[in-house]
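Please read the structure below before turning to the comments.
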Ligand SMILES: Cc1cc2nc3c(=O)[nH]c(=O)nc-3n(C[C@H](O)[C@H](O)[C@H](O)COP(=O)(O)OP(=O)(O)OC[C@H]3O[C@@H](n4cnc5c(N)ncnc54)[C@H](O)[C@@H]3O)c2cc1C
Ligand code: HEM
Ligand code: HEM
Ligand code: SF4
Ligand code: F3S
Ligand code: FES
């Protein structure tokens, strides 16, 4: 079967594309909208904002989440902030600069037109959120405050203490609950999507498992939106919420939606280091800390002195030394690898030697403890609770951890996947961040997709597509439901000897070591041997207590791990073929003498989209060429 | 245990966990006691439960159901009552932020779900808090559609009010206030939501309707009344203050007086 | 209006208003009764001045209304609150998260006070009617009644106990009024809390001094 990718980027000047698109797109007249039904799977930033907006427009929306409430989605954990090109601080920001920074930050592996649209709507997002009552931080004059984030030389990040994601999600949740109250959204909590239903080549519904009763449920609609977040949890340890998973996206992949750039994974430089085998997740310390914290290690190898006993002269503020113009604010991938290099050199700190210091001594001396507390109080408290160390008194210990996945379901300019009627929003898609995401731009993207992009592109689809009347008795629904039940039953009947977590940790270890911060051809080949072995053992030897007709958390986890075991292999496969270093994908074979990534634009200036070909068959890799007409391809330098 | 060296090598603990087991909403529940060892102080409370559950699964027993997600104190999922305290004995944190260093070798830890009629038990420690969502759906928002609102800076807001609104908006919807309150009252949660909007100019147009409708729904959900005992404030992981309940009381009485229809 | 009456917050508001009225009354009642320490005549004059006042029925009925409303609302709240719980916890919360004894026991102290008020009215207001005449004005000899009542150690004991209970009720109640009526302020509330406790103690000690004094001195 031959697959093609059409990005459907509209013509015209980059700054006019989105305006032109909106003008030319098909509209659905207001009274017809209520005849269309839309399923929105996931109620994080992307899903909640999309559900709310579509319901306001008049569509019949069904919002499905596996959480007990839309307010709990992983988006709630985002700490640092959200970008917008408002230029309130008057430091030279503009839509174009945000666009430029994001393309460059993504290491020239994103689609220019999408990124420009993102930058364009960024300002609307802030207006919208403020109008909703999101309590962003303000200055004494009562106007909005900004701070700076990695990869940018302007202050364009809006924030609400260290709880920006929470406040934005609560804002979107409020908007959504308003529509639930008005009867325009049917909220379906505690159901997990386990399959996509495709009828006549178009996405027409999903099959869910009611997590409390264990029953499978059919949902039918005219279009399906996947807003289910990223797949960092494939690594077992990541900064993602524990329920975050790739299941919805993966099952769409198995039904024909292409999965793009699975190897692009972001490793965040500032997380609290692992403390032992029991570790269940990693906690991020927001990147915003790097505004005031200085990163350092000892100049000496194996230095066991307490941080306070190491004199200035023995400290190596390596980020400031190597990247003088960005200093502690160098982008995430660059800072993460620098930390890894320091630890590999034997200069890591703490008991494990797998950490570097993030020191606030100078900031506290300069601004006073109160100012620092006001900015980062809850982060400091969080650190204190976890480590039992007081960061006002001694430097934090930090280490990189898996944090974000740039890869995801492939979408065109309309955010539509390769299956018509299946749209993908937020972290679940591959769209705007290329090979590396800049801080504070995931929140921006999720909300841009939900509030501003999907309303236009969905109406274009519905207004220009003929949809047959179907019912939930359609054979495609029965077949998908049957597939789901078979899979679930297979899991509960394995009755082996290893727990789901044990198997997941095994996968995580392979991924972290071989498809983590530094990747090599040999390592990836190894991973491609190891992962199928773990997968095989999983299906025969996993132990799931209880049965499927019950609230069964182990069974839920098992389903997700089974998908990670397939996705993990695709990640390694993708990483192996992408024989270059770019953004979060660092192939050790391709680096400068001082350890910087070396891209190969001639061969790899494309997005790689993978198509599923069936059980046991190799997937097909199709390239979407990326052309850079506005931002000139250049070596990304933060020196 | 352990020697007296400078590095504590063997600082692991053995604990008795007395956990509430209940198969479903209608079934009767009871306490079950489990002994676990090799618990180290660096573990979080939920990691201790993970260890226990792994052990139960290996022994062919049903693991303890408990809900959790972010494990960093922000999603509000992980509420449970530990030794009589919602989110455990320490103030200002959630269960997932509680660490085992709070406990001693040999301790017995009693773990129960929140007990409130409006939060039915689903299984073991998992509860249904959808009542909170229904309350929010009755007015916990500003009624504006997505579109082109005025520029964000067209509306200056006094820093102090913005901060107070943020204090209230920090609520994570965990339900510890309800769990801790001897009356199972949701006033702190609702008060925080009402305050968030009452303090901001954006909330003014719907100020009257909002508080009346949200309180009506709160009562309809069957939450108890507040008798100002303050247990909620002490249990709240986000340290939402009683000031928010007072503000809601005031907002409510004012709204009841000025509303034009009965 | 009826709708309003059913709402949780309005019930609390009524609790607060009636509590305010009752708290004001007890302080006044206590201070007035301190005339006991001056002379029998002063005491009786005071009682007479009040009961012969044209607005006395208003106060009297107002008080009764307060007690009745307060009690009805209190019991109603208690019923709602009982229904809202689905069981109690195996352990009591630890001190860091505990609330005060007074605040947790308002219902019980309240009911005890109700018993007290009933018996008090029965014994005093509707008790033996002695008469006395000062300067040709006939009035009730409450002083004699008091002396009689507090001859009995049992009565003294009952009063002292009840007043301790009242003290507990008020030690939370007085500051609670402010919260219920919607006043809470980071600067004033801590002060109000202290004043509330002082108020409760002053009222209780002021009252307790009287039976004790009568019992020991007369
Ligand atoms: C610790 C941390 C801090 C971060 N900080 C920042 C920051 O400061 N700035 C920034 O811009 N970005 C930040 N990010 C990234 C950002 O938070 C996420 O990328 C973004 O929130 C993802 O939003 P989403 O709506 O796409 O998905 P999510 O918020 O992950 O929502 C997924 C939704 O899908 C549902 N779901 C998933 N699978 C299923 C299924 N099978 N069936 C039914 N429902 C399902 C879930 O219930 C949930 O509602 C941070 C991320 C982390 C981990
Ligand atoms: C008739 C018997 C009584 C009963 C059953 C009773 C019961 C209660 C109850 C249940 C409360 C609620 C606690 C709260 O919401 O804070 C309360 C509050 C209060 N009571 Fe009583 N009480 C009684 C008599 C009295 C008397 C005689 C006084 C005064 C002398 C009094 C003063 C108060 C005050 C000041 C409050 C606080 C009101 C508020 O919180 O707004 N009570 N009472
Ligand atoms: C030592 C303590 C007290 C003494 C000596 C005392 C004395 C009296 C006397 C002599 C009367 C009769 C007045 C009259 O009928 O004209 C009276 C009435 C009354 N007392 Fe007390 N009292 C005491 C404590 C209290 C307390 C603690 C309360 C309330 C909690 C209280 C509530 C009342 C009420 C409600 C009346 C009736 C008022 C009226 O309607 O006339 N008393 N008291
Ligand atoms: S007010 Fe506090 S305790 Fe109550 S739900 Fe919100 S965060 Fe939890
Ligand atoms: S604990 Fe309950 S009684 Fe009121 S002050 Fe809090 S709601
Ligand atoms: S798991 Fe999210 S708050 Fe505890």
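Counting pairwise Cα distances across chain B, what percent come out greater than 34 angstrom?
Details: 9796 of 34191 pairs.
Result: 29 percent of Cα pairs exceed 34 Å.
In this rough spin-label picture, where each label sits 7 Å from Cα along the Cβ direction, the residue A:15-residue A:629 distance is 1.5 nm.
Rounded to whole Å, the principal axis extents of the Cα atoms in chain A read 75, 59, 48, largest first. Under the shape rule built on the C-alpha gyration tensor, where the axes satisfy a ≥ b ≥ c, chain C is prolate, since a/c reaches at least 1.5 and a/b is greater than b/c. Taking a ≥ b ≥ c as the square roots of the eigenvalues of the Cα gyration tensor of the stretch B:57-206, is the shape rounded (a/c under 1.5), prolate (a/b larger than b/c) or oblate? Prolate is the answer for the stretch B:57-206, as a/c is 1.5 or above and a/b outweighs b/c.
Label point of residue C:79 set 7 angstrom out along Cα-Cβ; within the stretch C:3-18, amide nitrogens under 19 Å from it belong to C:3-16. Classify the stretch A:437-520 as rounded, prolate or oblate, taking a ≥ b ≥ c as the square roots of the eigenvalues of its Cα gyration tensor: rounded when a/c is under 1.5, otherwise prolate if a/b is larger than b/c and oblate if not. Verdict is oblate for the stretch A:437-520.
Using all pairs of distinct alpha-carbon atoms, the Kirkwood hydrodynamic radius of the stretch A:234-364 works out to 16.7 angstrom.
In this label model, residue B:14 and residue B:153 are separated by 6.5 nm, measuring between points 7 Å along each Cα→Cβ vector. Available extension along the chain between residue B:206 and residue B:58 is 47.8 nm, counting 0.36 nm per residue and deducting the alpha carbon span.
Peptides B:223-235, C:14-26 ordered by packing proxy, namely the average of other Cβ atoms within 10 Å per residue, highest first: B:223-235, C:14-26. Dimensions of the stretch A:457-604 along the principal axes, based on C-alpha atoms and rounded to the nearest Å, stand at 61, 53, 21, largest first. When only Cα pairs below 8 angstrom with a gap of at least 6 residues are kept, chain A shows a relative contact order of 20 percent. Its Cα gyration tensor gives the stretch A:1-94 an equivalent ellipsoid. The semi-axes, each the square root of 5 times an eigenvalue, are 27, 25, 17 Å from largest down.
Can I get the semi-axes of the stretch C:72-188's equivalent ellipsoid? Compute them from the C-alpha gyration tensor as square roots of 5 times the eigenvalues, in angstrom, largest first. Walk me through the numbers on the way to the answer.
Values: eigenvalues 311, 64, 42 Å².
Result for the stretch C:72-188: semi-axes of 39, 18, 15 Å.
Footprinting exposure proxy ranking of A:271, A:343, A:227, B:171, fewest other C-beta atoms within 10 angstrom first, gives A:343, A:271, B:171, A:227.
If r is the Cβ-Cβ distance from residue A:465 to residue C:107 and R0 is 51 Å, what FRET efficiency results, to the nearest 0.05? Working shown, then result.
On the way: r = 64 Å, r/R0 = 1.26.
Approximately 0.20, to the nearest 0.05.
For the stretch B:146-191, the normalised intensity computed at q = 0.14 Å⁻¹ comes to -0.55 (log10 of I(q)/I(0), Debye sum over alpha carbons, equal scatterers, no solvent).
Once you have the Cα-Cα distance between residue A:2 and residue A:485, take 0.36 nm times their residue separation minus that, and quote the gain in nm to one decimal.
On the way: separation 483, 0.36 × 483 = 173.88 nm, distance 3.08 nm.
Going from the current span to full extension adds 170.8 nm.
The base-10 log of I(q)/I(0) for the stretch A:97-216, evaluated at q = 0.10, 0.20, 0.21 Å⁻¹, reads -0.54, -1.12, -1.15 [Debye formula, identical scatterers on Cα atoms, solvent excluded].
Let's test the formula: R0 of 22 Å, r as the Cβ-Cβ distance of residue A:522 and residue A:577. What FRET efficiency results, to the nearest 0.05? So, using R0 = 22 Å, E works out to roughly 0.90.
Shown here: the stretch A:32-82, whose C-alpha atoms stretch 40, 24, 11 Å along the first, second and third principal axes, sorted largest to smallest. Highest average first, the peptides A:368-377, A:538-547, A:285-294 ordered by how many other beta carbon atoms sit within 10 Å of their residues are A:285-294, A:538-547, A:368-377. Can you give the angle from 0 to 90° between the axis of helix B:159-169 and the longest principal axis of chain B, with both taken from C-alpha atoms, to the nearest 10? The angle comes out near 50 degrees. Each distinct pair of alpha carbons in the protein assembly as shown adds a 1/r term; the inverse of their mean, the Kirkwood radius, is 31.8 Å.
Note on residue A:502 and residue C:64: their simple-model spin labels are 7.8 nm apart, each label 7 Å out from Cα toward Cβ. Note on A:43, A:620: ascending count of other Cβ atoms within 10 Å places them as A:620, A:43, the fewest first.
Wrap a convex hull around the Cα atoms of the stretch C:5-123, take a quarter of its surface area, and give that in square nanometres. Can you show the working numbers first?
Numbers: hull surface 42.4 nm².
Over all viewing directions, the stretch C:5-123 projects a mean Cα-hull area of 10.6 nm².
Which angle between 0 and 90 degrees, to the nearest 10, do you get for helix B:187-198 versus the longest principal axis of chain B when only C-alpha atoms count? Computed tilt is about 40 degrees.
Shielding of peptide A:66-74 by partners, expressed as the average count of other chain Cβ atoms within 10 Å per residue Cβ, is 6.
Peptide B:24-30 is shielded by partner chain Cβ atoms: per residue, an average of 1 of them sit within 10 Å of its Cβ. Across peptide B:227-238, the average count of Cβ atoms from other chains found within 10 Å of a residue's Cβ is 6.
Using only alpha carbon pairs under 8 Å that are at least six residues apart, calculate the relative contact order of chain C and give it in whole percent.
With pairs under 8 Å counted, the relative contact order is 29 percent.
Estimated from the Cβ-Cβ distance and a Förster radius of 56 angstrom, the FRET efficiency linking residue A:374 and residue C:128 is about 0.20.
Each value in this text was obtained by applying a stated rule to the coordinates, not by laboratory testing. Everything numeric here is computed off the predicted structure, so don't read it as measured data. Neighbour counts run over all protein chains shown; Cβ positions are idealised from the backbone, glycine included.
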